[in-house]
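We did not get these values from a lab; they are worked out from the coordinates using the rules stated. All figures in this text were calculated on a predicted structure; none of them were measured in a lab. Virtual Cβ from ideal backbone geometry, glycine too; neighbours counted across all protein chains shown.
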Amino acid sequence: MAQEPDALSKRQDYGSVALEDGVLSADPLSQISAWVEEADQAGVYEPNAMVLSTIDPDGEPSSRTVLLRGIDDVGLYFYTDYGSRKGLALLAHPSVSVVFPWYTCLLYTSPSPRDS
Ligand SMILES: Cc1cc2nc3c(=O)[nH]c(=O)nc-3n(C[C@H](O)[C@H](O)[C@H](O)COP(=O)(O)O)c2cc1C
């Protein structure tokens with residue numbers, strides 16, 4: 001096997017970091033909004049970036065980063081080209097998965113449509 005880059009052996013010790021009981025908003029979308037703001041205040045690069053996963057017309061999954069541009073009672077909004085690979089995938093399969101990777105805040109979330 002080829003020599004692996006040193007970075008692959010790195011792992012942070014998260015200790016006992018955990019979300020405390022009672023600190024989460026009852027509304028998941030409000031909570032995401034608050035966390036985006038928190039990440040921004042903490043200096044996270046692109047605090048509104050989320051990894052969006054889709055399933056293409058052939059059933060193949062793919063993921064890429066997009067920027068969150070709005071949140072309301074309906075859900076999360078991003079801008080893209082309807083003719084893009086993700087646009088075509090969304091036409092075939094409207095279900096998606098997203099992850100907000102605020103790792104420098106020791107936090108990430110992957111909201112589900114079932115949460116709202
Ligand atoms: C930080 C960052 C933010 C991005 N934001 C968007 C976005 O809001 N909308 C978008 O269509 N592409 C965005 N892109 C580009 C996508 O990640 C992707 O490369 C491009 O949209 C083509 O994806 P697709 O071929 O899966 O459709 C962003 C890329 C980066 C690195």
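Applying 1/(1 + (r/R0)^6) with R0 = 30 Å to the Cβ-Cβ distance of Q31 and Q3, what FRET efficiency is obtained, to the nearest 0.05? With R0 = 30 Å, the Cβ-Cβ based efficiency is 0.10. Name the shape class, rounded, prolate or oblate, that the alpha-carbon gyration tensor gives for the chain, where a ≥ b ≥ c are the square roots of its eigenvalues, rounded holds for a/c under 1.5, and otherwise prolate holds if a/b is larger than b/c and oblate otherwise. Note, shape of the chain comes out oblate.
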